[in-house]
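Asks: Questions regarding the structure given below will be posed in turn.
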Amino acid sequence: MTREVPEAATGPAAAGLFITLEGGDGCGKTTQSELLTDWLQQCGRTVLRTREPGGTDVGGAIREIVLHHRGEIAPRAEALLYAADRAQHIATAVRPALARGEVVIQDRYLDSSVAYQGAGRVLDATAVRDLSLWAAEGLLPALTVLLDLDETVARGRLDAENKPFDRLEAEKSDFHRRVRAAFLALADAEPERILVVDAGRPVAEIAAVIRDRVAALL
Ligand code: TYD
């Protein structure tokens, strides 16, 4: 099934280039977004490298709640917190950068909400997606790179980092299996937007695949 691109995605914000990276925890998004940013800067582009949750002052406060709050957060409250972070981030950081003609490289966006809150927390995926689109006034990326990795391999990588798990990372393997399956289903539904890359490949190879695809958009 191919989805329609909301009109707002092709509005004034489309002057720059909006690229998102997605995938489960431990898939290597941060490394790849750093490498892509370096390469784009070497090509002479101005890049805003940013992330959700976070990326603004308000988002930083929301990030602290969604990742580190100790008590229970109801699934719908969690979905709304991510959506609130997104609304602030897109309105005050991403759209202005795109309007200036910059390239925005963003770790996580609405596909994370559909995968984590939709499939992970078992909320209605369409409702979660629509909530995000409302929050972001319809903005969709020109390209989304999905770094796909078996959740047990990803868990091994996180264990090796030896850092305390946040609220989402601490979820059971079944949760992460559902998240991965949801990401892959999204890629099936929107093959022209979402590029799936095997995150088990060497870092340099993954970076080259991403660069090739981005080069075609510049
Ligand atoms: P991330 O910043 O990738 O974590 P880290 O800095 O530890 O690598 O993402 C934080 C967590 O938030 C991650 O587990 C995925 C989750 N998340 C959602 O559940 N929904 C969302 O909409 C977003 C953007 C992230």
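Asks: Applying the selection to the range 136-175, what residues are at pLDDT 95 or above and among the small types (Gly, Ala, Ser)?
Replies: Listed by number, the residues that qualify are Ala136, Gly138, Ala142.
Asks: One residue is enough: does the range 46-55 have a residue meeting the conditions farther than 24 Å from Ala170 by Cβ, open to solvent by 40 Å² or more (accessible area, probe 1.4 Å) and touching a Gly at 6+ places or on another chain (Cβ under 9 Å)?
Replies: Checked the range 46-55: at least one residue is farther than 24 Å from Ala170 by Cβ, open to solvent by 40 Å² or more (accessible area, probe 1.4 Å) and touching a Gly at 6+ places or on another chain (Cβ under 9 Å).
Asks: Is the range 112-120 home to any residue that is modelled with pLDDT of 95 or more, surrounded by fewer than 23 Cβ atoms within 10 Å (Cβ to Cβ) and over 18 Å from Val179 (Cβ atoms)?
Replies: Looking through the range 112-120, none of the residues is modelled with pLDDT of 95 or more, surrounded by fewer than 23 Cβ atoms within 10 Å (Cβ to Cβ) and over 18 Å from Val179 (Cβ atoms).
Asks: Among the residues of the range 80-104, what is the count of those that are farther than 14 Å from Glu137 by Cα, within 12 Å of the ligand (Cβ to nearest atom) and crowded, with 23+ Cβ neighbours inside 10 Å?
Replies: The total comes to 1.
Asks: Name the residues in the range 64-79 that are within 12 Å of the ligand (Cβ to nearest atom) and more than 20 Å from Glu137 (Cβ to Cβ), would you?
Replies: Applying the first criterion (within 12 Å of the ligand (Cβ to nearest atom)) to the range 64-79 yields 64-68, 73, 75, 78-79.
Passing the criteria: Glu64, Ile65, Val66, Leu67, His68, Ile73, Pro75, Glu78.
Asks: Pairs, please: C-beta under 8 Å, at least 6 apart or cross-chain, first residue of a type in the set (Ser, Thr, Tyr) and in the range 19-37, second assigned to a loop (DSSP other than H, G, I, E, B)?
Replies: From residues that are of a type in the set (Ser, Thr, Tyr), the pairs are Thr20/Arg108; Thr20/Tyr109; Thr20/Pro141.
Asks: Looking only at the range 139-157, decide whether some residue is buried (at least 22 other Cβ atoms within 10 Å of the Cβ), over 30 Å from Leu218 (Cβ atoms) and within 17 Å of the chain's Cα centre (by Cα).
Replies: The answer is yes; a qualifying residue exists.
Asks: Any residue in the range 184-196 that is under 27 Å from Glu102 (Cα atoms) and β-branched (Val, Ile, Thr)?
Replies: yes
Asks: Moving on. State yes or no: is Ala61 within 14 Å of the ligand (Cβ to nearest atom), among the small types (Gly, Ala, Ser) and at pLDDT 95 or above? Before the answer, list the steps.
Replies: Values: within 14 Å of the ligand (Cβ to nearest atom): no; among the small types (Gly, Ala, Ser): yes; at pLDDT 95 or above: yes.
So Ala61 fails the test.
Asks: For the structure I just gave you, tell me whether Arg178 is open to solvent by 80 Å² or more (accessible area, probe 1.4 Å), within 16 Å of the ligand (Cβ to nearest atom) and modelled with pLDDT of 95 or more. Give the derivation first.
Replies: Numbers: open to solvent by 80 Å² or more (accessible area, probe 1.4 Å): yes; within 16 Å of the ligand (Cβ to nearest atom): yes; modelled with pLDDT of 95 or more: yes.
In short, yes.
The values are calculated or read from the model by the stated rules, or taken from the named source; none is laboratory data. If you're wondering where the values come from, they're calculated on a predicted model, not measured in any experiment. With ideal geometry, Cβ positions are generated from the backbone for all residues, glycine too; neighbour counts draw on all protein chains shown. What goes into the accessible areas is simple: the full protein's heavy atoms, side chains included, and nothing from ligands, DNA or RNA. Shrake-Rupley method; radii C 1.70, N 1.55, O 1.52, S 1.80 Å.
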